[in-house]
Amino acid sequence: MDCKTEVDSSSSPSRNVSIYRDHPPRVYGARARASVQLNQKPDHEQASLSIDDYVKSKGGKHAISRVLIANNGIAAVKCIRSIRKWSYETFGNDRMIEFVAMATPEDLKANAAYIHLADEFIQVPGGTNNNNYANVHLIAEIADRVGAHAVWAGWGHASENPKLPETLSNTHNKVIWIGPPPEAMRALGDKIGSTLIAQSAGVPCMPWSGDNLIIDYAKEGIRKEIYAKACVHSAEEAVEAAGKIGFPIMIKASEGGGGKGIRKVSIVEDIELAFRQVQGEVPGSPSF
């Protein structure tokens, strides 16, 4: 590495991170630039504009020229390449937006393509994604520290966690979240809430415990009493719902994922055990 800056741990009691600049030759970046230049010529009328001028000309208020990518792999690659293509076509310069990437020891060892594409990268703890790409407080801390104007989380990891945009809005630099508002994330990220929204909008849904419950989300959101009616709170309520739906059924914890908190039930005698298992795997989660 040509330059490595160790971040003082005194500024962050939780961990050290390392910032790397001017890392090995941007092989992937060179390929991306070549493909951009071949595909489309820049708009010369806008080529002389700065990012600030461009945003103002479009009626925008916040210019973004430095982005932290809170993701890895192909998601990060697609983000960088897409925005650099747009940047070249718009300004005649594919480097108008700077990208800071997060990189675990595993990604560094794999010589991941997105690391070469980024202008800078920050080494973060390895292991499961709760240590890195899904760690809301770490992402917000890094974004503030490196002077990122915005965070792009792509898909997976922390991208569906409404706590991330909320936390970013409370950072010292008021880092912008590139994504939907937390209210929409919270509503659509909840399996029960999203199904209520879908069926109220006329989307065909499979029979479930919240059948025929209609909401006006734009006016009043999802009222607690409506949400509660869509849930099954006990094995007895699950039996009652199964009688209306018919077997086989699935009992699902709304907050479960990755195969946790879900059971297929084919006969009424198995409902009680299945309900207990679902509740045990995702404690405190509403079920339906």
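The values are calculated or read from the model by the stated rules, or taken from the named source; none is laboratory data. Keep in mind it's a predicted model, so treat the numbers as computed, not measured. With ideal geometry, Cβ positions are generated from the backbone for all residues, glycine too; neighbour counts draw on all protein chains shown. Areas reflect the complete protein model, heavy atoms only, side chains present, ligands, DNA and RNA absent. Shrake-Rupley method; radii C 1.70, N 1.55, O 1.52, S 1.80 Å.
A few points about this structure:
- Remark: the range 57-165 projects, on average over all directions, an area of 7.0 nm² (convex hull of Cα atoms).
- Anisotropy class of the range 119-203 from Cα gyration tensor, a/c 1.5 cut: prolate
- Carbon/sulfur fraction of accessible area - the range 79-228, other protein chains in place, 1.4 Å, %: 56
- All other residues whose Cβ lies under 13 angstrom from that of A63 are scored, Lys and Arg at +1 and Asp and Glu at -1, for a net of +1.
- Seen from I176, the other residues with C-beta closer than 14 Å to its C-beta sum to a net charge of +1, counting Lys and Arg as +1 and Asp and Glu as -1.
- Of the solvent-accessible surface of the range 238-288, computed with a 1.4 Å probe and all protein chains present, 55% belongs to carbon and sulfur.
- Compactness of the range 159-257 as Cα Rg over 2.2 N^0.38 Å, two decimals: 1.29
- 1.4 Å probe accessible area per residue over the range 95-218, in Å²: 46
- Alpha-carbon centroids, the range 121-174 and the range 42-106: separation in whole Å: 18
- Legend: calculated FRET efficiency, E236 to I214, from the Cβ-Cβ distance at R0 = 41 Å, rounded to 0.05, equals 0.95.
- Eigenvalues of the alpha-carbon gyration tensor of the range 167-223, scaled by 5 and square-rooted, set the equivalent ellipsoid semi-axes at 30, 11, 9 angstrom, largest first.
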